[in-house]
1. Say we look at segment B:289-310 and pick out the residues that are open to solvent by 30 Å² or more (accessible area, probe 1.4 Å) and either among the charged types (D, E, K, R) or within 16 Å of ligand 2 (Cβ to nearest atom) (or both); which of these is nearest to the other protein chains (Cβ to nearest Cβ)?
2. Residues A:W23, A:W12: which one is assigned to a loop (DSSP other than H, G, I, E, B) and within 14 Å of chain B (Cβ to nearest Cβ)?
3. Has segment B:366-376 got any residue that is in a helix (DSSP H, G or I), buried (at least 16 other Cβ atoms within 10 Å of the Cβ) and either within 16 Å of ligand 2 (Cβ to nearest atom) or at pLDDT below 95 (or both)?
4. Working carefully through the options B:L161, B:L126, find the one that is free of Cβ contacts under 8 Å to residues at least 60 places away in the same chain and more than 14 Å from every other protein chain (Cβ to nearest Cβ).
5. So which of B:V55, B:V71, B:V89, B:V66 ends up being within 30 Å of B:E523 (Cβ to Cβ) and of a type in the set (V, I, T)?
6. Can you say whether B:F213 is more than 15 Å from ligand 1 (Cβ to nearest atom), hydrophobic (A, V, I, L, M, F, W, C) and more than 14 Å from chain A (Cβ to nearest Cβ), as far as the supplied structure shows?
Amino acid sequence: MSDLPIFADEPWILPSRGRIAMWSLIVAESAIFSLFVVAYIYYIGRDQFGPTPSVLDRPILNTVCLLSSSLTIWIAERAIEQGRMRRFAIFWAITILLGLKFIIGTITEFRTLINRDGLTIDANLFGTTFYSLVGLHATHVLVGLVGLSLILAFTLFGKVNRSHAERIQVFSMYWHFVDAVWVVVFTVVYIVGK
Amino acid sequence: MSDQTIPVSGSLQAAYPERGTLLEWLHGWIVTVDHKKLGILYITYALFFLLVGGVEAMLIRIQLMVPHNHVISPEMYDELFTMHGTTMVFLVGMPILFGFANYLVPIMIGARDMAFPRLNAFSFWLTAFGGLLLYYSFLGGFGLYGMGNAPDVGWFAYAPLTGKSFSPGHNMDYWALALIVSGFGTVGTAINIIATTVSLRCKGMTFFRMPLFVWLLLVVSALTLVTITPLTAAQVMLLLDRYLGAHFFDAQAGGSPMLWIHFFWIFGHPEVYVLVLPAFAIANEVIPVFSRKAIFGYPAMVAASVGIGFTSLAVWAHHMFTVGMSSAGNSFFVISTMVVGIFTGIKVFNWLATMWGGSITFSTPMLFCTGFLFQFLIAGLTGIMLAVAPWDWQLHNSYFLIAHFHYVLVGAIIMCIFAGFYYWFPKATGRMMSETLGKWHFWVFIIGFHMSFDTMHFVGLLGMPRSIYTYEPNRGWDTLNLIITIGAFVQAVGVLIFVWNLVHAYFRGKLAGPDPWDAWTLEWATPSPPPAYNFAVEPEVRSRRPLWDIKHPNDPDWKYEQ
Ligand code: HEM
Ligand SMILES: [Cu+2]
């Protein structure tokens, strides 16, 4: 009986488990969003009564904010990779502000729709699918904001440094995903469905 | 061979931890993040619910034993078949298979734990509490009939029966919430298995040297990501309907129950493959070892598994031929379903070719796998029959359908799970299960199985629909139903022999040693039971059968494998 052959010649590098896990989560989340999108499309124009999608205003400013937050978080990711912690903190904070702006924008949008147009979730099929799809996305933004803020707090207390770059980048993948989903939601709800 | 420790780097003799007080022991199991302990927890949890689901099945069978029977009330009957289906799929099938995965995947790829041990524990407890929540409905779901009420609309929960007006209590809420909770757990575990397999393989364990068990669980986990989530989404919509007055499935406001049927089967069909692929995985390990041959057609097996994974996403509407689709729709789903049959056929032929010319020993695990091969073949054939739309118009929701899927779920999956128990129990506990009891278990169970489920095909062809509370005498169903019920009792005896074998072996079984089957994958290079860290030194492998290489230094696999 000999021992296992040693073969130092083969290099052995495996992908980061964090990234793999985040990719898997993104696949799973995409499936959830797909069903809500399908339901939305399936019910477009099937209402016999109640408000129609023509009451919607396109949230252009909101969209610009959310999409640019993908850029700012990307700058922050690069910054922490290079160990420039001040720059990281600043751009991370800007990302949070942009996300907050988006959430506040969504809240105002919902308020107007409810008060001005009488569109509630139980009003008709449009209300049902609109609030659940846009609401599902907004919930994801909220979850992202909680995560972002926690990381910011740790950064301000000096607990985050260059060695965490990988984890920060894995978390940012989630934020990029939420932004990408918005592109789909925006296209379906505010362009195709309107 | 069997009483030697294989000198793979790292197989230190296990240092057995001292037994503490009962409380310490319990605490240890509750806070554990060790993949092996969590695997055992999953399996124990699933075994418990297997017995619960089994009792439900027995009650159903007692009710159907003779015509015009009134052993249980019609309301109770509806709850029983709903809970039986839901239990067996979500609280038995998935947890038991994920239990095997948890235990085996890290050891088989030479890792010390899963990629995210704490996520692993969290996922298990989510699943566990999901199950408890579902069963709490028996006590707490104040429903239509004025007492505690369990869900009673079938495991597929078709709209509009699930709406507030038809299910006014909380039974559907328990159903939806419990499955959402356990679904999160399932997705967590799936993510964990993927990350473990991709990122934690030991040196030299390339993708094409992984045991097929690991390959199949990788496919299953990937499939789970896109399978469980549609159900979660649909259940969220259902809860929105029930609580906020939304109209997703509410026909009165223009919503469509069809949408639910589609969404449910978009989940439901891949789900059956999520259940069956781990069973294939067990067969992939057992059949070669007991045929003393390497698996035949490894690359074809991998390709067929991946192929099944993808095609199973495009066949869901073969459950919907009778709801009235266009003929183009029907044709598409007929053809795509047939394609799944091709991939499955590849696998069956590879198993047969592995056995062909091997020196087979019919130890209990191999017996169960042989039974599996035979029964899975028949199940696949009735599947193909049901995939022919006109045939399905005739037999949809008859006992023929029930026979088809129980042939797979019991005849194939449960058989493989039993094989897995007999095969890996020595590894997990250090003790052998009794071969004599094992053979009794096999023969009693398989006789009962064929009594019940072969007969179900006929009573289905004679027109007996599923989910009926009772039936008229003299339709030609009476004797057949009696035989089915007797078969169910015989199977129950088989399961009791199995449980007794488990308990007996745990305390009294003869010591197993590290490698009782003279097997080839890495888990057998560790002591039985393996220490918490699995391998003291990370192993390195050079072929698909690392232990073969050690045992046969003059004839190692890596000389031949590409
Ligand atoms: C070659 C493989 C298979 C084919 C062609 C096939 C085909 C079918 C078809 C056409 C139906 C619908 C029948 C109807 O609703 O009238 C069906 C139902 C079903 N099959 Fe299969 N099947 C296959 C394998 C499996 C496997 C592997 C499983 C489980 C692990 C399974 C579990 C089920 C279940 C649970 C149902 C019925 C669900 C319900 O209505 O409650 N099948 N199968
Ligand atoms: Cu199916």
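1. Residue satisfying both the conditions and the ranking: B:F310.
2. Details: A:W23 fails: assigned to a loop (DSSP other than H, G, I, E, B).
None of the others qualify; the one that does is A:W12.
3. yes
4. Details: B:L126 fails: free of Cβ contacts under 8 Å to residues at least 60 places away in the same chain.
After ruling out the rest, the residue left standing is B:L161.
5. Answer to the selection: B:V89.
6. Numbers: more than 15 Å from ligand 1 (Cβ to nearest atom): yes; hydrophobic (A, V, I, L, M, F, W, C): yes; more than 14 Å from chain A (Cβ to nearest Cβ): yes.
Yes.
Residue-by-condition table, conditions (1) over 24 Å from the mean Cα position of the chain (by Cα); (2) modelled with pLDDT under 95; (3) among the aliphatic types (A, V, I, L, M); (4) not in a helix (DSSP H, G or I):
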{"site": "B:G130", "(1), (2), (3), (4)": "no, no, no, no"}
{"site": "B:P151", "(1), (2), (3), (4)": "no, yes, no, yes"}
{"site": "B:F184", "(1), (2), (3), (4)": "no, no, no, no"}
{"site": "B:I191", "(1), (2), (3), (4)": "no, no, yes, no"}
{"site": "B:I194", "(1), (2), (3), (4)": "no, no, yes, no"}
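Every residue, every condition in (1) open to solvent by 20 Å² or more (accessible area, probe 1.4 Å); (2) closer than 25 Å to B:F418 by Cβ; (3) of a type in the set (D, E, K, R), yes or no:
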| residue | (1), (2), (3) |
| --- | --- |
| B:M451 | yes, yes, no |
| B:V459 | no, no, no |
| B:M464 | no, no, no |
| B:I484 | no, yes, no |
| B:V503 | yes, yes, no |
| B:P531 | no, no, no |
| B:D549 | no, no, yes |
| B:Y560 | yes, no, no |
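The values are calculated or read from the model by the stated rules, or taken from the named source; none is laboratory data. Keep in mind that what you see is a predicted model, and the values were worked out from it rather than measured. So basically every Cβ, Gly included, is an ideal-geometry build from the backbone, and we count neighbours across all protein chains shown. SASA here: full protein model, heavy atoms, side chains in, ligands and nucleic acids out. Shrake-Rupley method; radii C 1.70, N 1.55, O 1.52, S 1.80 Å.
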